[in-house]
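Encoded as structure tokens, the structure appears first; notes follow it.
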Amino acid sequence: MTNPLLEFSGLPRFSVILPEHVEPAVDALLAGNRTRIAALLDATAHYTWDNLIQPIEDLEERLEHAWSTVSHLNAVVNSEALRAAYNACLPKLSDYAAEMGQNARLYQAYKAIAAGPEYTALSVAQKKIIDNALRDFHLSGIDLNPAAQARYKAITQELSKLASQFEEHLLDATHGWTRHVTDAAGLAGLPPTAVALARQRAEVAPGFLPPATLVPPCTSQDKLDGWLFTLELPSYLPVMKYADHRTLRHEMYEAYVTRASELGPNAGKWDNGPIIEKLLPLRHELAQLLGFNNYAELSLAKKMAKSSSQVMGFLNDLARRSKPMAEHEFTELREFAHAQGIETLEAWDIPYYTEKLSQHKYAISQEDLRPYFPEPRVLEGLFAIMNRLYNLSVREVKGVEVWRPDVRFYEVRDAATQEVRGQFYLDLYARPHKRGGAWMAECITRKRTAAGVQTPVAYLTCNFSAPIGDDPDVQGRTNVAGGRMPGATALFTHDEVLTLFHEFGHGLHHLLTRVDYAGVAGINGVAWDAVELPSQFMENWCWEREALDLIAGHYQTGAPLPQSMLDKMLAAKNFQSGLHMLRQLEFSLFDFRLHLEFDPQKGPQVRELLDEVRAEVAVIRPPAFNRFANSFSHIFAGDYGAGYYSYKWAEVLSSDAYAKFEERGIFDRATGLHFLHTVLEQGGSREPMELFVEFRGREPTIDALLQHSGIAT
């Protein structure tokens, strides 16, 4: 039987991909790549784009196509068998990457092409691929002696393994704790949607949920009486913000912030502490092998920021500007809680009294807004905004294989020419066996072939509350595990709408590229501290009346969001923005300093450094048992190690870019098309600062970010 992971024409056939296909497919692809690359190097002494680089680009793209399918399934329908197959391939892929990066003949071939007469005739994108490759050869240890190269391979293998273990521990710890409530009095303060979700979870207990199938009606054996709360965000956040039961909030908070640690209700069971202790020294050693002083410097080799001092100056400047406002905000919160009878404001009280204070000041909450953001209206409005800005049309395509019944598939076309610009899968709802958070990932990347242009395809994944029953406003139940029933409609919070727009911005960056070479098409080759520009940029429309008239409408009547509610939303938009800014800066400084200041003689000292950062910039100090670092997957399991500052760095770009729309009209078609052509279509073919200046007419300033955040300069 043909291995479905070795099929490279068309979309993945999820229904026939099994865990046992993974390792044989990867083995076959890696062996084929090695053989083919050796043959290419042996075939001639005069290397060109066509006889070497393009064939290698094609080989790498085939490998990426198969592995992206595996990685995606491992994230959204995780199982023991798939996890084992995924982990078995990590060292093989790491070894292959190091081997290619240290291939002296291949390096010399790329150098020869870069120095030869053909280089000047190549396109900007082709030159960028060659330039990136030469940079990456150095970052892969091409200059090292054989012993050091072997050590490089061993380190990268181990780092890949540790990152996967970190993510698995966090997933298991998140789904490894629940709180069963049988007394309705314990639900006081919770909105009906949160209560209904907890009832649904009780009727189909998480341990009985298969990863990728509809769940049959409950039997008496797997039903629970009452309500079941989990550490998935759609369950956890409403408890923290609305539950009057202080003990319940305390229990949920402690379980959440001690996930994957040596403390808490599952103490030591999935502890990420030892993983961090191993990972940081290895990153430091890797950086020093390559000639950098530390991992922070290595991280910056592929980013916009030019130096560690520039990053630290940027973060400390923002902290200095934000802290006075944050201190005032926290004083106001403590005084408000004190007036409610709370002598000591604990960590598990802060979201609750923050919500109370917000309602007291602005008389608006996320739950008040839910009825105005039904899923169909939000999606239709999002697509209508894309039409106004970029003259795109988006439609759902039926009959495409998906990994869950509630996953949908869409096609993006140029509305004028009907050219297909891209396609995407949309997986919106939280469920067991699915990684938390929200993200965009590549399925297929654009490139030009002899047969024409390959259509780019993206995975857009969120973890929102699923539809509950036929009336979203009342308690109900569904027999779909984390899925949707016919006739049921999900109601989103405004925060969830912001998240959807954010991920869709990433998706547009991938889908709308006009670059014909996969290595720098879409988000490929984009400096990591600029990659959040299109995503954060998209969030701005969620606050504008003209846009809200498209995305908001009462789920029962279709009535638009009342102006009185919008006025309250806008008044509350920058509520505690100083505290929010400092929280992100705390994470960014902790991450960057952790990698910048690592001392092999002292070891990681994770908690000591985090305490030091908090003492310098934070206003809110969490309890001693908080183990935030153990769940900080962005930097320990993702691509943001020594790069979490990228969110704030890119927010400067996105705020300044959006200011141009504020000047000319948020739906000004000419400005939208200019952003499309100068940023979204260019991918990683050109430097991000060059693209920004072409769009904005100048380099970015911090002013728009401070203005949008309500922070005085």
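Would you confirm, using the coordinates I've provided, whether Pro12 is in contact with a His (Cβ under 9 Å, 6 or more places away or on another chain), under 20 Å from Thr449 (Cβ atoms) and either part of a helix (DSSP H, G or I) or open to solvent by less than 50 Å² (accessible area, probe 1.4 Å) (or both)?
Working: in contact with a His (Cβ under 9 Å, 6 or more places away or on another chain): yes; under 20 Å from Thr449 (Cβ atoms): yes; either part of a helix (DSSP H, G or I) or open to solvent by less than 50 Å² (accessible area, probe 1.4 Å) (or both): yes.
In short, yes.
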Take region 110-127 and flag every residue that is among the small types (Gly, Ala, Ser) and open to solvent by less than 70 Å² (accessible area, probe 1.4 Å). Ala112, Ala114, Gly116, Ser123, Ala125
Hey, does region 75-98 have a residue that's among the small types (Gly, Ala, Ser) and touching a Phe, Trp or Tyr at 6+ places or on another chain (Cβ under 7 Å)? yes
Would you pick out the residues in region 424-435 that are more than 24 Å from Pro374 (Cβ to Cβ) and at pLDDT 95 or above? Arg435
Do we have Ala521 as open to solvent by less than 10 Å² (accessible area, probe 1.4 Å), of a type in the set (A, V, I, L, M) and at pLDDT 95 or above here? yes
Within region 89-109, which residues are surrounded by fewer than 17 Cβ atoms within 10 Å (Cβ to Cβ) and farther than 16 Å from Ala31 by Cα? Ala104, Arg105, Gln108
Name the one entry in Glu375, Glu367, Glu327 that is among the charged types (D, E, K, R) and closer than 29 Å to Glu662 by Cβ. Glu375
Could you grab me the full set of residues in region 271-282 that are open to solvent by less than 20 Å² (accessible area, probe 1.4 Å) and either among the hydroxyl-bearing types (Ser, Thr, Tyr) or farther than 10 Å from Asn630 by Cβ (or both)? Leu279, Leu280
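Each row is one residue, and each column tells you yes or no for (1) farther than 24 Å from Gly436 by Cα; (2) open to solvent by 60 Å² or more (accessible area, probe 1.4 Å); (3) touching a strand residue (DSSP E or B) at 6+ places or on another chain (Cβ under 8 Å); (4) touching a residue at least 12 places away in the same chain (Cβ under 8 Å).
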{"site": "Ile129", "(1), (2), (3), (4)": "yes, no, no, yes"}
{"site": "Gly141", "(1), (2), (3), (4)": "yes, no, no, yes"}
{"site": "Ala147", "(1), (2), (3), (4)": "yes, yes, no, no"}
{"site": "Glu167", "(1), (2), (3), (4)": "no, no, no, yes"}
{"site": "Val181", "(1), (2), (3), (4)": "no, no, yes, yes"}
{"site": "Leu187", "(1), (2), (3), (4)": "yes, no, yes, yes"}
{"site": "Ala196", "(1), (2), (3), (4)": "no, no, no, yes"}
Would you mind stating whether Tyr658 is in contact with a Ser or Thr (Cβ under 6 Å, 6 or more places away or on another chain), of a type in the set (Phe, Trp, Tyr) and within 19 Å of Glu532 (Cβ to Cβ)? no
Restricting region 19-48 to residues that are small (Gly, Ala, Ser) and in a helix (DSSP H, G or I), the residue that is surrounded by the most Cβ atoms within 10 Å (Cβ to Cβ): Ala25
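Please go through region 305-315 and pick out each residue that is free of Cβ contacts under 8 Å to residues at least 40 places away in the same chain and either assigned to a helix (DSSP H, G or I) or among the polar types (S, T, N, Q) (or both). Please lay out each step first, then the result.
The initial filter retains those residues of region 305-315 that are free of Cβ contacts under 8 Å to residues at least 40 places away in the same chain, namely 306-307, 309-310, 313.
Across region 305-315, the qualifying residues are Ser307, Ser309, Gln310, Gly313.
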Gln423 versus (1) assigned to a strand (DSSP E or B); (2) open to solvent by less than 30 Å² (accessible area, probe 1.4 Å): which is the lone unmet condition? (2)
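Within region 488-503, take every residue that is of a type in the set (Val, Ile, Thr) and in a helix (DSSP H, G or I) and give me the one that is least open to solvent (accessible area, probe 1.4 Å).
Taking region 488-503 as the starting set, the residues that turn out to be of a type in the set (Val, Ile, Thr) are 489, 493, 497, 499.
This time we only want the ones that are in a helix (DSSP H, G or I), so: 497, 499.
Details: Val497: 0, Thr499: 48 Å².
By that ranking, first place goes to Val497.
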Looking only at region 49-86, which residues are surrounded by fewer than 19 Cβ atoms within 10 Å (Cβ to Cβ), within 11 Å of Pro19 (Cβ to Cβ) and under 24 Å from the mean Cα position of the chain (by Cα)? Ser79, Glu80, Arg83, Ala84
Taking Ala572, is it touching a helix residue (DSSP H, G or I) at 6+ places or on another chain (Cβ under 7 Å) and not acidic (Asp, Glu)? yes
Could you figure out which of (1) open to solvent by 10 Å² or more (accessible area, probe 1.4 Å); (2) part of a loop (DSSP other than H, G, I, E, B); (3) not basic (Lys, Arg) isn't true of His506? (2)
With the requirement that a residue be more than 15 Å from the chain's Cα centre (by Cα), surrounded by fewer than 18 Cβ atoms within 10 Å (Cβ to Cβ) and not aliphatic (A, V, I, L, M), what does region 426-453 give you? Arg448, Thr449, Gly452
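Residue check: is Lys302 surrounded by fewer than 18 Cβ atoms within 10 Å (Cβ to Cβ), farther than 13 Å from Arg593 by Cα and free of Cβ contacts under 8 Å to residues at least 24 places away in the same chain? Full working, then the answer.
Numbers: surrounded by fewer than 18 Cβ atoms within 10 Å (Cβ to Cβ): yes; farther than 13 Å from Arg593 by Cα: yes; free of Cβ contacts under 8 Å to residues at least 24 places away in the same chain: no.
When the stated conditions are applied, Lys302 does not pass them.
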Considering every residue within region 653-661, establish whether at least one is out of contact with any strand residue (DSSP E or B) (no Cβ under 9 Å at 6 or more places or on another chain), free of Cβ contacts under 8 Å to residues at least 24 places away in the same chain and in a helix (DSSP H, G or I). no
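If I filter region 364-384 for residues that are among the aliphatic types (A, V, I, L, M), in a helix (DSSP H, G or I), open to solvent by 20 Å² or more (accessible area, probe 1.4 Å) and closer than 30 Å to Phe537 by Cβ, do I get at least one hit? Explain how you work it out, then say what you get.
So the first thing to find is which residues in region 364-384 are among the aliphatic types (A, V, I, L, M), and the list is 364, 369, 378-379, 382, 384.
Filter again for in a helix (DSSP H, G or I), leaving 369, 378-379, 382, 384.
Right, trim to open to solvent by 20 Å² or more (accessible area, probe 1.4 Å) and you get 384.
From the residues that got through so far, the ones that are closer than 30 Å to Phe537 by Cβ too are 384.
Scanning region 364-384, I find at least one residue that is among the aliphatic types (A, V, I, L, M), in a helix (DSSP H, G or I), open to solvent by 20 Å² or more (accessible area, probe 1.4 Å) and closer than 30 Å to Phe537 by Cβ, so the answer is yes.
Just checking, how many residues over region 663-683 are among the charged types (D, E, K, R) and either within 22 Å of the chain's Cα centre (by Cα) or closer than 15 Å to Asn387 by Cα (or both)?
Of all residues in region 663-683, those among the charged types (D, E, K, R) come to 663-664, 668-669, 681.
Checking which are either within 22 Å of the chain's Cα centre (by Cα) or closer than 15 Å to Asn387 by Cα (or both) leaves us with 668-669, 681.
Number satisfying all stated conditions: 3.
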Subset of region 309-326 (residues that are touching a Leu at 6+ places or on another chain (Cβ under 9 Å) and open to solvent by 20 Å² or more (accessible area, probe 1.4 Å)): Gln310, Met312, Asn316, Arg321, Lys323, Met325
In this structure, is Asp529 without any contact (Cβ under 8 Å) to a residue 12 or more places away in the chain and either in a loop (DSSP other than H, G, I, E, B) or of a type in the set (Asp, Glu) (or both)? no
Pull up region 283-299, narrow it to residues that are open to solvent by 20 Å² or more (accessible area, probe 1.4 Å) and among the hydrophobic types (A, V, I, L, M, F, W, C), then point me to the one that is farthest from Ala650 (Cα to Cα). Leu289
Keeping to region 671-697, report how many residues are without any contact (Cβ under 8 Å) to a residue 60 or more places away in the chain, open to solvent by 30 Å² or more (accessible area, probe 1.4 Å), assigned to a helix (DSSP H, G or I) and over 19 Å from Arg421 (Cβ atoms). 4
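The values are calculated or read from the model by the stated rules, or taken from the named source; none is laboratory data. Quick caveat: nothing in here was measured; it's all calculated off a predicted structure. Counting neighbours? That spans all protein chains shown, and the Cβs are built from the backbone with ideal geometry, glycine included. Side chains are part of the model used for accessible areas, which takes the heavy atoms of the whole protein and leaves out ligands, DNA and RNA. Shrake-Rupley method; radii C 1.70, N 1.55, O 1.52, S 1.80 Å.
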